[in-house]
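Scroll down for the structure; my scribbles are underneath it.
The values are calculated or read from the model by the stated rules, or taken from the named source; none is laboratory data. Every value quoted in this text rests on a predicted model; they were computed, and no experiment measured them. Using ideal geometry, Cβ is built from the backbone for each residue, glycine included, and neighbour counts are taken over all protein chains shown. These accessible areas exclude ligands, DNA and RNA; they are computed on the full protein's heavy atoms, side chains included. Shrake-Rupley method; radii C 1.70, N 1.55, O 1.52, S 1.80 Å.
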Amino acid sequence: MATINLGLGTSHAPSLHGSPDRWDGGKRDMQGPMGGGMKMDIDIEAMVKANGARMEKELTLEVRTARHESAWRAINTLSEVLEEMAPDVCVIIGDDTHEVFMPEDHIPAIDVFWGKELPYTPHSSRLKGDDLFMRQLSGQPDLGRHIVESLLSDEFDVSHTRTLPEGRYIGHAFDFVYGCVMGNHPGPQVPIWLNTYYAPNQPTLKRCYALGRSLRRAIESWDANQKVAVIATGGMSHLLLDENLDRTMLAAMQAKDEKTVTSAFPEDMFTYGTSEIRNWAVLAGAMADGPEKMELLAYEPMYRSPAATGCGCAFAYWK
């Protein structure tokens, strides 16, 4: 039977790509933040009035640089841990922001990919020249189909995908894992798309945690001598950064405290970018019934503007 030998969680915020001295001071945020292609309806002037004074120290180049360097030390550690554990296949939970699923077609709440190949174009900030062209990544059809069938037996009505429509390719959430954690050399994988952003069919936190538990049962019942890593990508709070929310959720995941993860905060707090915490909730559920312990490498509140916009960036592994 297959075994889970690693859990890994990582944020994938835009601030991680550019050096802090080139951040735009949150100019785009101050015009009205965007989240998953949606304009956030917030009062920027009120946010600046409420947060401007405490943001002064957070927005200095020294603080931004320290947070950025801490985040990248954690990302590099995740890469080292992944290489050391050497899983045979990775199950990756991420969200989709109209890169694969278009609103005029359909947006599934949960979709499991079980094709042989997956089209992917690396992000232009990391590769140049010929490397930018679309490549085909390896899927793991046997595990993917087994996960679909096992989740169905646990009464999860999941969608499934074997090929992507022409012109579409796996998007930003997964791209960060491929490029920044896997060194642009991803191995066999089963992507699971979770609709974190778009009403009206986002899974609740409780449902996400239960999905993780079911996912573990699926992996461990796969009749193959394979080591499997479960990876979640996204979060924490953004574009409105909420340190209390982030720190509470991370501590609860570390303690395997299901009640806090699933019900400490109202569902309407998990909107826009903050909705990606649902991906972490699936991972936390997958690790809940196993012996793995969570090692939180870093949590960095990476603020971008006087309105306290930015992203809470977290990096952790379970082994």
Fill in the blank from the handout: In region 136-157, residues that are buried (at least 19 other Cβ atoms within 10 Å of the Cβ) and part of a loop (DSSP other than H, G, I, E, B) total 2
Exercise for the section: Kindly list, by first and then second residue, each pair from a residue in region 283-296 that is over 23 Å from LEU151 (Cβ atoms) to a residue that is aromatic (Phe, Trp, Tyr) and open to solvent by less than 10 Å² (accessible area, probe 1.4 Å), limited to pairs with Cβ atoms under 7 Å and residues at least 6 apart or on different chains. Expected result: LYS293/TRP318; MET294/TRP318
Handout entry: For ASP111: the one exception among (1) surrounded by fewer than 18 Cβ atoms within 10 Å (Cβ to Cβ); (2) not in a loop (DSSP other than H, G, I, E, B)
Key = (1)
Problem - Residue tally, condition at pLDDT 95 or above, surrounded by fewer than 18 Cβ atoms within 10 Å (Cβ to Cβ) and under 21 Å from the mean Cα position of the chain (by Cα), over region 159-175 - result: 1
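Any residue in region 238-254 that is touching a Cys at 6+ places or on another chain (Cβ under 8 Å) and either under 30 Å from PRO141 (Cβ atoms) or of a type in the set (A, V, I, L, M) (or both)?
yes
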Practice task
Test LEU250 against the stated conditions and say whether it is out of contact with any Ser or Thr (no Cβ under 8 Å at 6 or more places or on another chain) and either open to solvent by 20 Å² or more (accessible area, probe 1.4 Å) or of a type outside the set (A, V, I, L, M, F, W, C) (or both).
Solution key: no
Practice task
Of all residues in region 50-66, count the ones that are closer than 21 Å to TYR272 by Cβ and either modelled with pLDDT of 95 or more or open to solvent by 60 Å² or more (accessible area, probe 1.4 Å) (or both).
Solution key: 1
Practice task
Being under 19 Å from GLU292 (Cβ atoms) and polar (S, T, N, Q) is the filter; apply it to region 231-261 and report the residue that is farthest from the chain's Cα centre (by Cα).
Solution key: THR260
Completion exercise
Within region 67-108, residues being within 27 Å of TYR209 (Cβ to Cβ), surrounded by fewer than 21 Cβ atoms within 10 Å (Cβ to Cβ) and of a type in the set (D, E, K, R) number 2
